[in-house]
2 protein chains.
Amino acid sequence: MSSVGGAYELLQVMRDGKPRTRSQLADITGMARTTVSLRIDALRELGLVVPVSDATSTGGRPSSQIAFNPGTRVVAAADLGATHARIGICDLSGAVLARVSTPLEITDGPEKVLASVRAQISALLAQIGRPQADLLAIGLGLPGPVQHSSGRPARPPLMPGWDNFDVPGEMRKSFAVPVLVDNDVNIMALGEYRSRQPPTENMIFVKVATGIGSGIISDGRLQRGADGAAGDIGHIPIARGAGVPCRCGKTGCVEAIAGAPAITAALHTARPDIASASDLIDRVRAGDLDAIRAVRQAGRDIGEVLNTCVSIVNPSVIAIGGLMAQAGEHLLAGIREVVYGSSTPLATEHLVIEQSRSGPDVGLIGASILAIEHALAPERLDSKLRNVDAEFASHFHNML
Amino acid sequence: MSSVGGAYELLQVMRDGKPRTRSQLADITGMARTTVSLRIDALRELGLVVPVSDATSTGGRPSSQIAFNPGTRVVAAADLGATHARIGICDLSGAVLARVSTPLEITDGPEKVLASVRAQISALLAQIGRPQADLLAIGLGLPGPVQHSSGRPARPPLMPGWDNFDVPGEMRKSFAVPVLVDNDVNIMALGEYRSRQPPTENMIFVKVATGIGSGIISDGRLQRGADGAAGDIGHIPIARGAGVPCRCGKTGCVEAIAGAPAITAALHTARPDIASASDLIDRVRAGDLDAIRAVRQAGRDIGEVLNTCVSIVNPSVIAIGGLMAQAGEHLLAGIREVVYGSSTPLATEHLVIEQSRSGPDVGLIGASILAIEHALAPERLDSKLRNVDAEFASHFHNML
C-alpha cells in the first residue's frame, strides 16, 4: 500500500452524503474492489467515512454501506463586510452548525478586527462543545481584492491599514490551522455555486450593493486572475457614466451610477423621503414609480457591463445578489432588457439571469467551502493517509 | 499493482524532455521509489519513456536515466481558416514533424473540406514514413464557435453548411482515433500559452484580422464557457461604433470598426492605393502617416474592449496576434494607451501587452496540444497501463 491514490476520488464521490456499498463505489470510480476496500479502511481510520445502518436490508447481515461523516471535524468561516460580519462553524459538508451576525468596522484595522473574529470563533466552538483540536481550517472573506495565494489584501480601497497585511499569520496566533482568504464576492460566488443542484459550471454571481462586483465560476472553478482582481466589474465605464466621478479616482464607472448610494443620491433631491438604500427598497416594494424607474435604469446600466461579461465569459447563469437584489424583479428586468437585447444569439440562447438562490449565509457557506476544499485536498489527504499507512505497516510488522 | 495512480503525474514531470533518475523522479513527485519504478516500467512498455545514455557518468555503470520519448507516436493537427489551412503531423512534445500550408475554401462545406484535410494527413504521414497505427489523435481548429464536447460547430457565421455538423465523425471515416475540435482563436491561445517559458497562467490571446476574437487562459486552463463562446469579443459594442452596421446584424461592434476590412475601407476613399489589409500593413511599415494613424486608432478601439476584459479576467499578459499584429508597434501603442490609461492600478500593475511570440504555426501547435493532452490524459493512460498490467500479471502467472 505504497500509494494512496484513489482515496480523494472516493471521498469526492461520497461527499454527497449518500450511503453506498464498496461494490457501488468500485462501479462509480472504476477502481478495483480491493483498492476501494483498502482506501475505505484508511478513510475510516481518519473518521472521514463511517458504516451506516442499511434501512432497506431485511436480512440479518450487518450493514455493508458506508457514507461520508461530515461531523467528524469542523471548519470556521467568516464573511467580513465593511460594517458587518457573519462568523460561523460548519461541518465538512458546509452545513452551518453555529453562527453569529455582528456589527464590525473594517476600518478599525486588521489587528483589532481579526482579534474579534478569533474571539468569536472560540466562543462558537465552545457553544457547540467542540474542542479547538476539531478545527481543520479557517475560510475568510474580505471586502476588497485579496492575493489568494498569500492571503494578503491587495490595495483594498475601503480597508485602511489592511494593504498587504498577513491575515493568515494573524489568525494563526490563536489557531494552528490553514487560513484561506479571498474577496467577499468570490466567496459568495462559491456559496451560490455550491447551493445549486445540478451544479452550474459556468456562472457569474453579481453583488449589487454599495459597490458592484462579481465572482466568476468557469468550468466549475472560481476565477481569480493574475492578481486576485478577476470579476472586479464595478469600475468598468458605461455610456451614461461620462464625467461622473467615482470613489476610485476615475470617472464613468458603473458603480458610480448604479451602486445603491448613487441611485439614492440621484433620487434624493426630488424625493427627500428616499434617503438610504433601505428606503429605496421599501419604496420599490410599495410600488413607488420613481423608485421603480430608478432601479430599472440601474439594471440597464449594470446590464451594459454584464452584456460584455457574457461575450467574454459565456456563462449559463447570471445570479444577482447583494442588498439591491432585494428590490426584486425591477433590477433584473433592466439587466435582462439590455443583455438579451444586445448579446450574440449563441451566448444568450441558454443564458438564465435570475436572483441569487442563496440566503444571507451565502458568503459564510462560500468561506466554509474554501476551508473544506483545502482541508480535503488530495495532497493533505494523502499525507494523512500515509500516516495511517505507516501505523498499519508498523502494526502488521509487530504481528509478524 | 491494482492501481496505476502516479503514472500520469510522472509523465507530466518528464514531458519537459529532461532525463532523470528514478530517485530524482521520486523526489520531485513525492512518490515512493518502488512505485516510481513500477510506473516507469509500465510507461516503458508503452514506449512513452526510454532509458537515455548518461553523458555525465564517467564510471562503467549502465545509465539509470530515463526520459520522455515524444517520437514514439504522433498526432495530426489542422488549423483551418476561412480561405487557408495549415495541416501538420506533430510528435508528443508538440514539435512539428511535417506540415503543409494550402488554400482552402471553408464555404465548400464540411464534406469536401474535411475530405481534403484527411487526404493531406495521410499524405503527410506517408511523407515521414509513419504508419496510420502511429496516429494517436487529431486536433482541429475551425474559424467559428465550436461546442468542444461534441466537436460540432455552433452557429458559425462564416461557415455555411457547418452548423452542428459531426466533424469528429467525418474525420473518423479515415482515422479511428479521437478527434478534438475547437475554435481557431482558442487553439492559437493554447499554442501561445505553450510557447511561453515560464508559463503565463493567466493570459488573453487576441487575434486581429478580418474578425477580432480572443482565447482566454485562466489558471493555466483554456476557458470555453457554457456554449464554447467564451472570448468572443468581436461583437462587443464600442463608443466610436454607434450606428455602424456589423456583419452579425447588430451595430457598433468593435470588429465593424477595427477589423482589417473596416480600417482599409475607411481609408480607401482618401487613399485609393490602400485597397487591402496587406496594402495597409505595407504602408504602415513604410512609415505612411495616414496608415499609421488609422492603425493606432484601431488599437484604441480594441483597447476599449480589452480594458473591460482586463477588469473581468485580470490577465498578466495580453498577446496580440493575427494579420494586423504585423503592423507592429502602432496597433499595440493604441491598445496600451487605452488599457493603461483606464484600468484599475491593481489589474494593470503587472500587465504586459505585447505581440504574440509565436510564429505562423501557433494554431497548428495549439491543435496538436488539444490532441496530445487528450491522448495522454489520466483516464486513457490508466486504461492503457491496465492492459500492460494485465499482460504482466498473466506473464507472472505463467511463471508460477
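Bear in mind that the values in this text are calculations on the coordinates, not laboratory data. These numbers were taken from a predicted model, which means no experiment stands behind them. In this analysis, Cβ positions are derived from the backbone assuming ideal geometry, glycine residues included, and neighbour counts consider all displayed protein chains.
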With chain A reduced to its Cα atoms and the Debye formula applied, log10 I(q)/I(0) at q = 0.11 1/Å amounts to -0.86
Rounded to the nearest 0.05, FRET efficiency between residue B:150 and residue B:112 (Cβ-Cβ, R0 30 Å) equals 0.90
Semi-axes of the protein assembly as shown from the Cα gyration tensor (sqrt of 5 times each eigenvalue, largest first, whole Å) come to 44, 41, 23
Note on chain A: contact order normalised by length, alpha-carbon pairs under 8 Å, 6 or more apart, percent, works out to 16 percent
If one builds a Gaussian network model of chain B from Cα atoms under 10 Å apart, the most fluctuating residue listed among B:239, B:277, B:82 is B:239
Partner shielding of B:346-352, as the mean number of partner chain Cβ atoms within 10 Å, equals 5
Amide H proximity to residue A:21 below 5 Å, modelled H, separation 5+ or other chain, gives A:66
Output field shielding_mean for B:227-239 (other chain Cβ, 10 Å radius) holds 6
One computes Rg over Rh for region A:197-355 from alpha-carbon atoms, with the Kirkwood Rh, and obtains 0.97
In the protein assembly as shown the DSSP beta bridges are antiparallel at a rate, in percent to nearest 5, of 60 percent
One decimal, nm, nearest first: from residue A:242 to the same residue in each other copy, label points 7 Å out along Cα→Cβ, the values are 0.5
When chain B is treated as a Gaussian network with springs between alpha carbons less than 10 Å apart, the largest mean-square fluctuation among B:266, B:115, B:371 is found at B:266
Here the correct list, in nm and shortest first, of distances from residue A:71 to the same site in the other copies, label points 7 Å along Cα→Cβ, is 6.4
Which of B:230, B:286, B:367 fluctuates most in a GNM of chain B (C-alpha springs under 10 Å)? That residue is B:286
DSSP beta bridges in chain A: the antiparallel percent, rounded to 5, is 60 percent
Residues whose built amide H sits under 5 Å from the amide H of residue A:104, excluding neighbours closer than 5 in sequence, are A:84, A:85
Spelling it out for residue B:98: with amide H atoms placed in the peptide plane at 1.01 Å from N, the residues 5 or more places away or on another chain with amide H under 5 Å from its amide H are B:89
